[in-house]
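What follows is one structure encoded as structure tokens, with my remarks underneath.
Derivation of every value follows stated rules applied to the coordinates shown; laboratory data play no part. What you see is a predicted model, and the numbers here were worked out from it, not measured in a lab. Counting neighbours? That spans all protein chains shown, and the Cβs are built from the backbone with ideal geometry, glycine included.
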Amino acid sequence: MPPGRLKLTEQGETIAFKYGLPELAYRNLEAALAATLLAAHGVEDDVDTSLVAALAERSRDAYRELVDDLRLVGFFRAFTPVDELALLNIGSRPARRPEAAEYVASLRAIPWVFAWTQNRCLLPAWYGCGAAFADADVSELRDLYRTWPFFRTLVQNLEMTLAKSSMEIAAEYLELVDEASLWEPIAAEHARTVAAVLEIVEAEELLDRHPAVQGAIRLRNPYVDPMNAIQVSLLRRHRAGDADAEAPLLRSMAGIASALRNTG
């Protein structure tokens, strides 16, 4: 695409949040226009991105190690409501590609992310980042954060996702899992990622520099947490064959997705 042009796709459920009021629509369109103009005119300083290439490789290796683990499929299908997502009938395409033989390879991106979001783990957004940042020089990461808008946006999005995640809530879903040996490395990677982000942004807590967003998440969580507890119970009942659990289970999925403003 030539400079000065922008093409984007909005998820249907975000349209009301971003464009439902004139003020919100103006703000979002203004931000998109400003970013497009800045990118088109090359006003950013030249940045040595070789470090980011190394970070990406280390992160990808850690992510692939988890995804290729033979234990993952069983853990994922028990730990998340991925199989139950097909009951929602909200997607334009099937959750899985029929031509792919392997389970993870057959999953489309939206159900993969949606499932991890439902249990508040949000793993696809951060897994591998902690392993990548751990071997990097913190001063170099901070310099990139200060000088390169792309890296700053990446870290800020990562920080937002980590703030929305809750490993305490996610751990409640372990009662649905027969073999939970993958939980330890997942929880450890989450802790590494949080620690690394806090070092890069030089803060004590996630979103300390954005008190309004931080406060909104803290205000919302007490209302979302019970929905997760209810969902665990409903998943157990549904998987045991209780037909009466299906309707409230689907409502719990919609409620959690709406509260987090994330699907996939």
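Worth a mention:
- Taking Cα atoms only, the orientation of helix 109-118 departs from the longest principal axis of the chain by about 70 degrees.
- Between the helical axis of 183-201 and the longest alpha-carbon principal axis of the chain there is an angle of about 20 degrees.
- Using the Cβ-Cβ distance between L87 and Q214 with R0 = 41 Å, the FRET efficiency computed as 1/(1 + (r/R0)^6) comes to roughly 0.75.
- Helix 138-147 axis, angle to the chain major axis (alpha carbon atoms, nearest 10°): 70 degrees
- Taking Cα centre as origin and charging only the Cβ of basic (Lys, Arg, +1) and acidic (Asp, Glu, -1) residues, the dipole magnitude of region 50-260 rounds to 800 debye.
- Here the extension length gained between V138 and V73 equals 19.9 nm, from 0.36 nm per residue of separation less the Cα-Cα distance.
- Nitroxide proxy distance, nm - points 7 Å out along Cα→Cβ at D178 and A40: 5.8 nm
- The length gained by stretching the chain between A195 and A229 to full extension, at 0.36 nm per residue less their Cα-Cα distance, is 9.5 nm.
- Equivalent-ellipsoid semi-axes for the chain (Cα gyration tensor, √(5λ), whole Å, largest first): 32, 23, 19.
- Region 224-264 - Rg and Dmax from Cα coordinates, angstrom: 10.3, 30
- In nm, spacing of pseudo-spin labels at R64 and N28 (7 Å Cα→C-beta vector): 3.6 nm
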